[in-house]
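Right, one structure below, let's go through it.
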Number of protein chains: 4
Amino acid sequence: MKALVYHGPGDKAWETVPDPAIRDDTDAIVRVEATTICGTDLHILRGDTPEVAAGRVLGHEAVGTVTAVGSGVKTLAVGDRVLVSCVSACGRCRFCREGRFGQCLGGGGWILGYMIDGTQAESVRVPFADTSTYRLPQGTTDEEILMLADILPTGYEVGVLNGKVSPGDAVAVVGSGPIGLSAIIGAKMYSPSFVVAIDLADARLEAAKTFGADLTVNNGRQDAVAFVKGLTDGLGVDVAIEAVGVPASFELCTELVRPGGRVANVGVHGKPATLHLESLWIRDVTITTGLVDTFSTPTLLRLVASHQIDAGRFVTHHFALDEMEAAYDTFARAAETGAVKVVIAR
Amino acid sequence: MKALVYHGPGDKAWETVPDPAIRDDTDAIVRVEATTICGTDLHILRGDTPEVAAGRVLGHEAVGTVTAVGSGVKTLAVGDRVLVSCVSACGRCRFCREGRFGQCLGGGGWILGYMIDGTQAESVRVPFADTSTYRLPQGTTDEEILMLADILPTGYEVGVLNGKVSPGDAVAVVGSGPIGLSAIIGAKMYSPSFVVAIDLADARLEAAKTFGADLTVNNGRQDAVAFVKGLTDGLGVDVAIEAVGVPASFELCTELVRPGGRVANVGVHGKPATLHLESLWIRDVTITTGLVDTFSTPTLLRLVASHQIDAGRFVTHHFALDEMEAAYDTFARAAETGAVKVVIAR
Amino acid sequence: MKALVYHGPGDKAWETVPDPAIRDDTDAIVRVEATTICGTDLHILRGDTPEVAAGRVLGHEAVGTVTAVGSGVKTLAVGDRVLVSCVSACGRCRFCREGRFGQCLGGGGWILGYMIDGTQAESVRVPFADTSTYRLPQGTTDEEILMLADILPTGYEVGVLNGKVSPGDAVAVVGSGPIGLSAIIGAKMYSPSFVVAIDLADARLEAAKTFGADLTVNNGRQDAVAFVKGLTDGLGVDVAIEAVGVPASFELCTELVRPGGRVANVGVHGKPATLHLESLWIRDVTITTGLVDTFSTPTLLRLVASHQIDAGRFVTHHFALDEMEAAYDTFARAAETGAVKVVIAR
Amino acid sequence: MKALVYHGPGDKAWETVPDPAIRDDTDAIVRVEATTICGTDLHILRGDTPEVAAGRVLGHEAVGTVTAVGSGVKTLAVGDRVLVSCVSACGRCRFCREGRFGQCLGGGGWILGYMIDGTQAESVRVPFADTSTYRLPQGTTDEEILMLADILPTGYEVGVLNGKVSPGDAVAVVGSGPIGLSAIIGAKMYSPSFVVAIDLADARLEAAKTFGADLTVNNGRQDAVAFVKGLTDGLGVDVAIEAVGVPASFELCTELVRPGGRVANVGVHGKPATLHLESLWIRDVTITTGLVDTFSTPTLLRLVASHQIDAGRFVTHHFALDEMEAAYDTFARAAETGAVKVVIAR
């Protein structure tokens, strides 16, 4: 089959590789009908994650059809159409028992396109298939469900739920890339007083508005802390969600938040940040970090199926599978192309 | 009356000052029968808190008898014996309505011995007396109740409750001064699997054992992270409580904690710490900070009265009121004197 | 002044009574600019609450202007325009400290128009004025804020929050009177998969639709349990909210709910219900009851001010103050008149 | 092998049956080294559960050694010594994903000794073995671990955790049989102000004291409600735990509880109770029901291993496997024999 193979920093190719096969009895093989590219894939290609071996097929998001199942797979059958989640779950370990699938100790967690071959391919082996895939609900399209493979549960669980967004809250989302936009969608589901999107790029802020941000601040030009305090009796927001992954945006969140408020970090960080405990120790602040667990995926599927979430709006570009390299090019130059999520489908 | 007056960095005196008087109708005047000294008082004396004006009477902890009440005081009468809490609460503002009294926006919060004259005196004016004092329960001693003015609710609320200590948890408490010991007492109330006390001083670790620590580590001589991981299948503790107030101990807590665990900062910090988001972003960690709210004071009073908490064990030294300066000397040289809490009483 | 006076079962009159005056220093006198009638007022008139003394001025909901304050009132001044809440809070007792104002032990709770004279009058004495009234936010109308005196916090706190409505939930609301409609509005703020309104009257179900119900069932004609199970894989709803106050509707809720689900009782009951523990003991059901605490009133005020809640839609009829008896007549005959909430305003 | 077989109401025998064998690839066969009898077994024998087929091997609690595993079992091997839990969990369904294993939709839940053959036998087939058994921790005895097969997690999860017992709480436990005693042990782990045990039998109340009850009331002779109100400023307890399973004891719990308190039903009921909504609607009461999920079993294992819980104290009588019928006789006549838990071991 054809797949997008990582050959080391800066080097990838859409090329022929062996077809995947069942290795463990809980595996399924899924024919990929739609996949997409994540910011993390770009990190891997830059060489930021030396633990990724050359030869690895990238990608951790897919919608497709089951073409084979191991003898231990109980709830899936050949022909079933499924969402392949970015997180695999053994279903047996301490953390899986608690719904903390992203921290799976039994061989799961985020492994697809990272520790094992992934979804940017014509077909993919999915471990722990019973507990790592989801049937497609009626009345939905493949491309909207594809948004539930990673970004929607990530923004919702790690941003909105960790941040405990509640009705009437003032919410700031720092960063308006795909994850920030997911956090905006998720936050709006709780009827906050307002969501303010903060970013350095006006184009992304325009996108944030269409995703539901009530207010926007370009913090290259404007003092976001002063702006937010002006709206909140000088106190700051109830919840600040970090969706960039650099020290400055994290530190901004700790300044934006009111006494008793929450900072939910969603961004993937490569460097330490400074935590100003000399002012924060007295302010009753809660800071959370997290990898998505995807425990919310069934809930989000219901919300897409009932049209509470319009997941399709993330998709800005479409490609065929054998245009994978063009899709990467478009996604990597998002500032120019305006790409949010690109769908690569048969 | 006599009082301990701050005259600027390094300069204090037990001297005659005017008697306190009712200023606002919700004030009470309380004759101090027992008071104590807090690490924060030493900070003020070192000049770390330039916002404290020269001439200020120090102290924010007392047990005494009401000698006068303003016309707006409804639940207290002259002759009532009360605990004077370190936190005053207006009872009307947004944060007081939520039980977040430490963040009171109506003139309360931590003000005694800081923004207004305090309790290291023969008498003290207590603002918002109805909502800032507590009747002494039957069958308790003044000196055990005095421990509820600050350290016990601080260790319990900011350490144990923020850290969500639960039965079966592995708990690390970094720092075995009065606040760390309070956190140990509080943590043990939840039947953890074990509490490990971590400190640089063997004498404090010995004290920690008598307060209930199951295990101790001198992290000047021993690798605390390796020790803790050895006890927890390599994962780390469920809860790490910071009770020192320096960057190194906070950073240690973030290394001690397991994926999905909680770091509760209780220490008063003067400098920023480094937050290693490059490793923490993926580990589902919750970090909390906080000033005590004292919402738990009624609960703790019940637990002292029912002998679930032996609060008297904190008290290592006793002084008369006019030995206030000797009491300061003993408390300031705790490493030599073994002082945990000194009680200054009539 | 003129006021609506209860003279015993079935007997009321809009008549002249003495003007209210400050009795306690925390009282305020409020000139009533808008008031309304609650189902509970009808109960009192029917004689269901013998604890209400003849001579009592009824009503527990108002918007008006402060005309006098006691010496202990700190945050209100003559001329302030305020919402008078159905719940008064002493702000000092155990339950007020926990935000459980409805259970106030210090003389508050639901007292207006019940234990003391109420708001269906030209003027009203409001005890504990600092902690029992709310400033009107900018950009709102009196009549929409009036809906926050009772029904909106009741539906939200006792129905939606007690029921822990969450995104994606299936929610049933039994009863589509004013409280049921409030519960529907509140539930929709959490983006459920659907809200199904259940009632015996088609007209009320039509109203439920305009308030946001996704589905309706007339359970006089249709099997509500079967309908709901058909939508939920045979399991039942996540949350069932009882908003009628009769045994049959409570018992229906316990049949509608899925294993692990919640039943939130909001209705005012006069008779016991049967609890089918022989089937419920194994089903992990949570049942809650409650009187409104109004802790959510500030949140709801923000949501009305930010147009997340359209509170004005409850108002079906308008009357002048001296048309109070006509207003009662219209409200009492709601089935004929279609009254939801009637506003009586100057 | 030999097993205790149910032959219809009142008819059982310890007799020869075929050895169990692997049916599904996730099964294990466990050689029973210790088992016990539950009150539910007596219910079955009385014919209260007509869904139990004649020929069924009874029993849902065991400790033993794995003698065979299906090909889909990943974490267990022949020779492993395990606790067999009363609840089996498929690990894949909606409820198992949420840790609500008792409500498993995938073929698990409470099935052993009920829907399939159970543990009162020389050997037992355990379905979903990976997610339904637990390795024995070091330094524990079989008979103390056996208490974690059902009663300890039941008292803890359904009584203590559902009831949200917290430090300082006043707690009433109605019924001092094995489940009530488990609830007392669990409640004491949270440092309540006091636990009052209420029962009709003095002998059981004596047992309650040795399990940690601070106070006892024989409600055949004494008014339990008056007693409890006398201890709680007239309010009632924070948490009332029902551990009998008859309407009167449930109704008593609803009278014992304070406004804002919780009633946790643990008892297995055969008849409806009366819920006095005419008084409860206004009292902010939370009522919970539940079957044990055993999500707490790993926590309880740690607490037994660290000697926080002395589980062995439940065991009053010992029998050999072929004395099974004598063990039943002793357990069934608990009032005379003083049996709490009987252990039947090789």
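The values are calculated or read from the model by the stated rules, or taken from the named source; none is laboratory data. No experiment lies behind these values; they were computed from the predicted model shown. Glycine gets a Cβ as well: all are built from the backbone with ideal geometry, and neighbour counts include every protein chain shown. The area values use the complete protein model at the heavy-atom level, side chains included, leaving out ligands, DNA and RNA. Shrake-Rupley method; radii C 1.70, N 1.55, O 1.52, S 1.80 Å.
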Looking at the range B:225-240, is at least one residue under 16 Å from B:L200 (Cβ atoms), crowded, with 17+ Cβ neighbours inside 10 Å and within 11 Å of chain A (Cβ to nearest Cβ)?
-> no
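May I ask you to say which residue of D:V78, D:V124, D:V69, D:V84 is within 14 Å of another protein chain (Cβ to nearest Cβ) and aliphatic (A, V, I, L, M)?
Checking each option against the conditions leaves just D:V69.
I'd like the full set of residues that are of a type in the set (S, T, N, Q), without any contact (Cβ under 8 Å) to a residue 60 or more places away in the chain and open to solvent by 10 Å² or more (accessible area, probe 1.4 Å), limited to the range A:48-94. Full working, then the answer.
Within the range A:48-94, the subset of a type in the set (S, T, N, Q) is A:49, A:65, A:67, A:71, A:75, A:85, A:88.
Of the ones still in play, those that are also without any contact (Cβ under 8 Å) to a residue 60 or more places away in the chain are A:65, A:67, A:71, A:75, A:88.
Those that are of a type in the set (S, T, N, Q), without any contact (Cβ under 8 Å) to a residue 60 or more places away in the chain and open to solvent by 10 Å² or more (accessible area, probe 1.4 Å): A:T65, A:T67, A:S71, A:T75.
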Single condition B:R97 does not satisfy, out of (1) open to solvent by 20 Å² or more (accessible area, probe 1.4 Å); (2) within 14 Å of chain A (Cβ to nearest Cβ); (3) over 14 Å from B:F295 (Cβ atoms) = (3)
Restricting the range C:322-333 to residues that are out of contact with any His (no Cβ under 9 Å at 6 or more places or on another chain) and crowded, with 21+ Cβ neighbours inside 10 Å, which is farthest from C:A207 (Cα to Cα)?
-> C:M324
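Can you tell me which residue among A:A305, A:A243 is touching a residue at least 40 places away in the same chain (Cβ under 8 Å) and not assigned by TED's automatic domain parsing to the domain that holds A:G212?
Values: A:A243 fails: not assigned by TED's automatic domain parsing to the domain that holds A:G212.
It is A:A305.
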Can you pull out the strands (runs of 3 or more DSSP E) entirely within the range C:1-71 that have at least 3 residues that are over 25 Å from the mean Cα position of the chain (by Cα)?
-> C:62-69
Picked from the range C:171-210 (must be among the small types (G, A, S) and open to solvent by 10 Å² or more (accessible area, probe 1.4 Å)), the residue farthest from the chain's Cα centre (by Cα) is C:S193
Of the conditions (1) of a type in the set (A, V, I, L, M, F, W, C); (2) within 21 Å of B:D25 (Cα to Cα); (3) in contact with a Lys or Arg (Cβ under 8 Å, 6 or more places away or on another chain); (4) open to solvent by 20 Å² or more (accessible area, probe 1.4 Å), B:L136 clears all except one; give me its number.
-> (2)
Number of positions in the range A:253-264 that are part of a strand (DSSP E or B), open to solvent by less than 30 Å² (accessible area, probe 1.4 Å) and closer than 17 Å to B:A264 by Cα = 5
Give the residues of the range C:29-44 that are out of contact with any His (no Cβ under 8 Å at 6 or more places or on another chain) and open to solvent by 20 Å² or more (accessible area, probe 1.4 Å), sorted by residue number.
-> C:R31, C:E33, C:G39, C:L42, C:H43
For the range D:14-27, how many residues are among the aliphatic types (A, V, I, L, M) and surrounded by 13 or more Cβ atoms within 10 Å (Cβ to Cβ)?
-> 2
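Only one of these is touching a helix residue (DSSP H, G or I) at 6+ places or on another chain (Cβ under 7 Å) and open to solvent by 20 Å² or more (accessible area, probe 1.4 Å): B:F250, B:F319, B:F314. Name it. First the steps, then the outcome.
Values: B:F250 fails: open to solvent by 20 Å² or more (accessible area, probe 1.4 Å); B:F314 fails: open to solvent by 20 Å² or more (accessible area, probe 1.4 Å).
That would be B:F319, the only listed residue that is touching a helix residue (DSSP H, G or I) at 6+ places or on another chain (Cβ under 7 Å) and open to solvent by 20 Å² or more (accessible area, probe 1.4 Å).
Can you pull out the residues in the range B:116-144 that are closer than 16 Å to B:A3 by Cβ and not β-branched (V, I, T)?
So in the range B:116-144, the residues closer than 16 Å to B:A3 by Cβ come out as B:116-126.
The answer is B:D117, B:G118, B:Q120, B:A121, B:E122, B:S123, B:R125.
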